[in-house]
């Protein structure tokens, strides 16, 4: 069973040889673990046995796909947002629509002229489409895209003080993600359409559910519909305590929810499985705040096995992943234990690493 078959079967609640895995490593963790295995960082997912390959074609590429070497280095992306490396990640520091009046905001133009470049970011992923489960990430879709253009404070204030302008701009953000979705679904042999917006904090949504349903949900629904029209799974990423809108997301066609931040209010994975598992699959839920960095390897394996068992009570509907990136303080033994719980042994990982080194030397 190859990775593509494994993920599809798991999402259909059919028997699999092992649980599918899609793990995200903090950049520092990835470099350290790749060094341990003596492989390039670019080959880490392959070595670890991860089943999914995807990349960003919307603004998340500017945040995560452009990597600077030194703190303070920066770039301005196609949307006009300026990003600065601060620690391991890029942070948005200048917003093109900040402090503009309504006419200035409405005059903004999305980078439609860069469409071909953005879609070409999928080329390395598509080269692996025969064996791996392939996704195209069109996030951020609505709210998160707009605050990167306007700034968080002005976006939240604008929802209350300038509701028509805010609704119009949310719709325009959704339209650009919709354009990318249509083109990607028409051009590429995808297995899922990956969407997303971070709209929640540790304890609650950033705004009321009514506002989300009124201003944000309609745009997401149009994007989800594109995936459905192409008979793809639709996945959605949102960190935080988004329990109040999970039912709404299912209503508009969501198939897979990520990352299931288990330490946030209302986001216990096993509780979510009991409440929504007959209508929704999940990806994530492994605790990155306590378990992975501070638990023992025995605890990591036992708790991950318990999570897998609880999240597959209906025969599947689960992809193993962490609730965030695997943090740098995570011991190597805990990473091996995490994969061991998924049925991927340390020896299997070491053998793949050795094969990669051998082929590299032969080349």
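The values are calculated or read from the model by the stated rules, or taken from the named source; none is laboratory data. For clarity, every value in this text was computed on a predicted model and none was experimentally measured. Here the Cβ is made from the backbone with ideal geometry for all residues, glycine too, and neighbour counts use every protein chain on show.
Within segment 16-32, restricting attention to residues that are out of contact with any strand residue (DSSP E or B) (no Cβ under 7 Å at 6 or more places or on another chain) and touching a residue at least 40 places away in the same chain (Cβ under 8 Å), the residue that is farthest from residue 354 (Cα to Cα) is 16. Residue-level check: of (1) assigned to a helix (DSSP H, G or I); (2) buried (at least 20 other Cβ atoms within 10 Å of the Cβ), residue 35 misses just (2).
Does residue 268 satisfy the criteria of being within 23 Å of the chain's Cα centre (by Cα) and without any contact (Cβ under 8 Å) to a residue 12 or more places away in the chain?
On the way: within 23 Å of the chain's Cα centre (by Cα): yes; without any contact (Cβ under 8 Å) to a residue 12 or more places away in the chain: yes.
Here the answer is yes, as residue 268 does meet what is asked.
Condition check for residue 53 on (1) farther than 25 Å from residue 332 by Cα; (2) in a strand (DSSP E or B): one failure, at (1). If we keep just the residues of segment 140-180 that are outside any helix (DSSP H, G or I) and under 19 Å from the mean Cα position of the chain (by Cα), which is surrounded by the fewest Cβ atoms within 10 Å (Cβ to Cβ)? For segment 140-180, the residue satisfying everything is 140. Within segment 220-250, being surrounded by fewer than 23 Cβ atoms within 10 Å (Cβ to Cβ) and either over 28 Å from residue 286 (Cα atoms) or not assigned by TED's automatic domain parsing to the domain that holds residue 140 (or both) holds for 221, 222, 225, 228, 229, 230, 231.
Could you pull out the residue among 73, 69, 94 that is over 24 Å from residue 352 (Cβ atoms) and exposed (fewer than 12 other Cβ atoms within 10 Å of the Cβ)? Spell out how you get there, then give the answer.
Working: 73 fails: exposed (fewer than 12 other Cβ atoms within 10 Å of the Cβ); 94 fails: exposed (fewer than 12 other Cβ atoms within 10 Å of the Cβ).
When all the criteria are applied, what remains is 69.
Scanning segment 59-73 for residues that are more than 20 Å from the chain's Cα centre (by Cα) and within 24 Å of residue 42 (Cβ to Cβ) yields 68, 69, 70, 71, 73.
Restricted to helices (runs of 4 or more DSSP H) entirely inside segment 257-363, those with at least 3 residues that are surrounded by fewer than 21 Cβ atoms within 10 Å (Cβ to Cβ) are 269-276, 297-311, 332-341, 346-362.
What tally of residues in segment 1-15 results from selecting those that are in a loop (DSSP other than H, G, I, E, B) and in contact (Cβ under 8 Å) with a residue 60 or more places away in the chain? Going through segment 1-15 one residue at a time, the tally reaches 5.
When 139, 120, 208 are checked against the criterion of being on the phi < 0 side of the Ramachandran plot and in contact (Cβ under 8 Å) with a residue 24 or more places away in the chain, a single residue qualifies: 139.
Just to be sure before I move on: is residue 106 surrounded by fewer than 19 Cβ atoms within 10 Å (Cβ to Cβ), at pLDDT 95 or above and within 23 Å of the chain's Cα centre (by Cα) in the structure I sent? Outline the logic, then answer.
Details: surrounded by fewer than 19 Cβ atoms within 10 Å (Cβ to Cβ): yes; at pLDDT 95 or above: yes; within 23 Å of the chain's Cα centre (by Cα): no.
Taking the combined requirement at face value, the residue does not satisfy it.
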